[in-house]
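The values are calculated or read from the model by the stated rules, or taken from the named source; none is laboratory data. As the structure is a computational prediction, the values presented were derived from the model and not from experiment. As a convention, Cβ positions derive from the backbone with ideal geometry for all residues, glycine included, and neighbour counts pool all protein chains shown.
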Amino acid sequence: MAHIGLLGFLHETNTFAPGVTTLAQFVEADAWPGLITGDEILRATQGMNLAFSGFVSAMQGHGHTLVPLLWCSANPSAAVEDAAFEAVVEQILTLIDQAPPLDALFLDLHGAMVTVSYEDAEGELLTRLRTRLGAALPMVAALDFHANVSTAMLRQANGLVAYRSYPHVDIAQTGERAAQMLLRLLAAEPLYYAARQVDILIPMPWQSTLAEPARSIMSVARALEGPDTPEVQFIPGFPLADIHDSGPTILAYGRTQAQADQAADLLCARVQASRQAFRGQLLSIAEAIAFIQAHPEQRILLADTQDNPGGGGTGDTTDLLHALAQQAMHGVCAGIVCDPAFAQAAHQAGTGHRLHGALGGHSGMGAGPLIGEFHVLATGDGHFTGTGPFYLGCHMALGRMARVRYGTIEILVSSKKQQAADQAMFRHLGAEPTQYRVLVLKSSVHFRADFAALADKILVVAAPGENTADLHALTYRRLRPGVTIL
């Protein structure tokens with residue numbers, strides 16, 4: 001029976017975001033666990049919607065010995081500091097050296113990590129692991145739906161398996177699929193890959209598999225799968241990474257090279273035919289306000305997409321909140337604004353009391369803080385468990401939190417940034433999402449998994465933030481020639 005090493009190292013890098021991502025951001029917990037090693041990983045990830053937990057669950061009963069090594073992630077943000085990357089990689093290699101000899105390796109990766117020096121961080125990691133472990137050892141990696149797949153990743157790993165959904169409700173299932181691929185490799189079954197890069201960049205809000213054209217493309221991919229082509233994947237990529245390989249990849253695995261090529265070519269043709277359908281409607285703040293006022297009978301979700309922490313946003317811009325407050329709208333709840341100092345002040349003031357303060361806007365983007373009197377409605381310690389399809393089972397650690405009223409609107413505040421993609425975030429602070437007419441969510445797509453059923457209408461709003469939705473507003477310098485920005 002095989003000894004299978006397990007590790008995870010995840011970051012989605014927005015190269016347009018300022019600053020760098022440090023080691024501390026990988027060490028601390030947020031929605032997912034912080035940096036952990038050994039058997040503690042199994043306990044910390046059990047039951048979560050993570051590829052790591054899905055892989056472990058799928059391997060039960062096969063008689064193999066699982067050797068958990070290291071797992072860490074950091075919230076989407078700027079390029080990873082070289083020192084942080086090297087520290088984690090060095091720890092991984094040390095743990096491998098200390099472990100029993102491995103026969104295979106499973107990796108829980110994102111696929112869009114960029115460091116200051118390496119624009120293909122996963123390719124660099126896989127190359128170093130291949131050098132350490134040898135050419136014959138099977139390595140299979142789970143990837144995010146937004147992975148930017150490189151040649152190095154394809155060549156160094158024996159298999160890459162990406163999420164199939166956005167919102168990512170199938171992360172654990174992706175780990176299960178990776179387990180099945182690794183079992184095939186351990187049984188010495190032949191597996192060939194065919195990859196096709198599509199020379200477009202698709203804005204994040206229009207990649208959702210709940211809408212066209214991604215929904216139909218994923219259906220075509222599933223129809224192409226079978227005993228001879230076990231994996232046929234559409235991986236749209238992360239467009240906020242200014243790197244050579246940014247953009248969608250078609251990836252197929254087959255029992256023969258010809259079978260893999262045929263499946264990849266068919267799916268690639270389907271994606272190419274859908275290029276112009278990857279466009280959606282971004283509303284200005286004024287247009288969104290006008291719609292709300294014109295439809296008082298409708299329950300509405302406003303996606304504050306450009307300040308989505310899940311795409312590198314700071315989570316603290318306030319332009320949309322300023323506008324809603326100025327209109328004195330009732331039945332409005334917004335979340336989650338990241339402001340640790342304000343959250344602490346709310347705790348010091350206490351539930352039921354008032355404080356004069358400045359909320360959000362500290363990143364320097366947009367309208368600046370909301371300044372004035374706030375009524376503290378509830379406080380929380382930020383520790384709760386996700387209940388929605390995306391964050392299911394995740395043990396949140398968002399620091400001190402508060403729910404406050406500013407004028408007529410209610411606002412949820414956290415000490416750590418996290419996109420508003422789970423109703424448990426609201427209920428932790430005594431806010432029942434079903435009781436509001438308008439919900440403002442700092443998220444791009446993931447919120448749809450748990451909130452879409454509450455709304456008559458979803459509006460994607462272009463307020464200030466680092467998670468740019470209109471890619472034409474960005475200046476790309478490293479893209480390969482011929483890529484079209486949609």
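Where residues in the stretch 76-125 are small (Gly, Ala, Ser) and surrounded by fewer than 17 Cβ atoms within 10 Å (Cβ to Cβ), which of them is farthest from LEU35 (Cα to Cα)? The selected residue is SER117.
Cβ separations smaller than 9 Å between residues 6+ apart or across chains give the following pairs from the stretch 408-429 residues that are in a loop (DSSP other than H, G, I, E, B) to residues that are surrounded by 24 or more Cβ atoms within 10 Å (Cβ to Cβ) and of a type in the set (Asp, Glu): SER415/ASP339; LYS417/ASP316; ALA420/ASP304; ALA421/ASP450; ASP422/ASP450; GLN423/ASP450. Of the residues making up the stretch 275-287, those that are more than 24 Å from the chain's Cα centre (by Cα) and crowded, with 18+ Cβ neighbours inside 10 Å number 1. Output the residues belonging to the stretch 1-22 that are more than 19 Å from the chain's Cα centre (by Cα) and at pLDDT 95 or above. ALA2, HIS3, ILE4, GLY5, LEU6, GLY19, listed by residue number. Among residues of the stretch 460-486 that are among the acidic types (Asp, Glu), those with a Cβ under 9 angstrom from a residue that is surrounded by 13 or more Cβ atoms within 10 Å (Cβ to Cβ) and in a strand (DSSP E or B), sequence gap 6+ or separate chain, pair up as GLU466/SER77.
When each of ALA136, ALA141, ALA147, ALA152 is tested for being without any contact (Cβ under 8 Å) to a residue 60 or more places away in the chain and either among the aromatic types (Phe, Trp, Tyr) or buried (at least 24 other Cβ atoms within 10 Å of the Cβ) (or both), the lone residue that passes is ALA141. Can we say HIS62 is over 23 Å from the mean Cα position of the chain (by Cα), modelled with pLDDT of 95 or more and at negative phi? Taking the combined requirement at face value, the residue satisfies it. Taking the listed residues HIS395, HIS383, the one that is under 22 Å from the mean Cα position of the chain (by Cα), free of Cβ contacts under 8 Å to residues at least 60 places away in the same chain and within 30 Å of ILE171 (Cα to Cα) is HIS383, with no other qualifying.
Filtering the stretch 308-328 for residues that are part of a loop (DSSP other than H, G, I, E, B), surrounded by fewer than 24 Cβ atoms within 10 Å (Cβ to Cβ) and assigned by TED's automatic domain parsing to the domain that holds VAL440 leaves a non-empty set.
For the stretch 288-307, taking the residues that are small (Gly, Ala, Ser) and in a helix (DSSP H, G or I), the one that is surrounded by the fewest Cβ atoms within 10 Å (Cβ to Cβ) is identified as ALA294.
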